[in-house]
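To start, the structure itself, in structure tokens.
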Amino acid sequence: MYFLYLLNLILNSIFLLLIYIIIMVSDKKEKYKCPECESESIRFKFKVKNKDENSAYANVTEEMQCSTCFMDIPANVFVINKSSNIEENKTIWHSFYKPEHIKKAAQCSKCNLYYWDIEKQLSVKNIISSDIFYQTFNSKGGGGKMICRLCDPNAFINNKQ
Ligand SMILES: [Zn+2]
Ligand SMILES: [Zn+2]
């Protein structure tokens, strides 16, 4: 009987330990809330480096692309933790980061759409890809124009994604 009691105790301990591990693991998983559209999922995250010290992005080291609005957004206003405030994140994004982001964002010179609108429209057609622009060549040696995948889908026909 004592043996059974001991076995029971050990099994209970293992069970509690498992619960503890599950809680620890789920706690470490990052939570997100997009300050643009309130989506809670991302497509991917990526490291960035901004050499311009006067830029709003000077201290941004990581960005994530939202899986709903397709905008690239600094991680510090996208990741949710104990000290984050969603309303504050939205304000920072809209007044501080977004104006600069729009200035530098890739835009089609034909339809004038920005990359996030292009990626959104492509996703409706089941094309999930970051390969959405090509640059035309300028015979005078200057920078060519950016043409998007919506305006010239045939140019991307060999690209599966
Ligand atoms: Zn979003
Ligand atoms: Zn276009």
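None of the figures in this text is laboratory data; all of them are computed from the coordinates on show. The shown structure was predicted, so the numbers you read here are calculated from the model rather than taken from an experiment. No Cβ is skipped: glycine too gets one built from the backbone with ideal geometry, and neighbour counts run over all protein chains shown.
Overview of values
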| quantity | calculated |
| --- | --- |
| Ranking of ARG149, ARG43 by count of other Cβ atoms within 10 Å, fewest first | ARG43, ARG149 |
| Under 20 Å from LYS98, Cα to Cα: aspartates and glutamates that are on another chain or at least 8 residues apart | GLU36, GLU38, GLU40, ASP52, GLU53, GLU62, GLU63, ASP72, GLU87, GLU88, ASP117, GLU119 |
| At R0 = 45 Å, FRET efficiency that the Cβ-Cβ distance of LEU18 and SER130 yields, to 0.05 | 0.70 |
| Cβ charges +1 (Lys, Arg) and -1 (Asp, Glu), total dipole of the stretch 33-161, debye | 420 |
| Nearest-0.05 FRET efficiency for SER41 and LEU11, computed from C-beta distance (R0 35 Å) | 0.40 |
| Cα-based helix-to-principal-axis angle, 2-28 vs the chain, degrees rounded to 10 | 20 |
| Value at 222 nm in deg cm²/dmol, rounded to 500, when DSSP H runs of n ≥ 4 in the chain each add -39,500 (n - 2.57) | -10000 deg cm²/dmol |
| Of MET146, HIS101, TYR57, farthest towards positive along the dipole that unit charges on Lys, Arg, Asp, Glu beta carbons give the chain | MET146 |
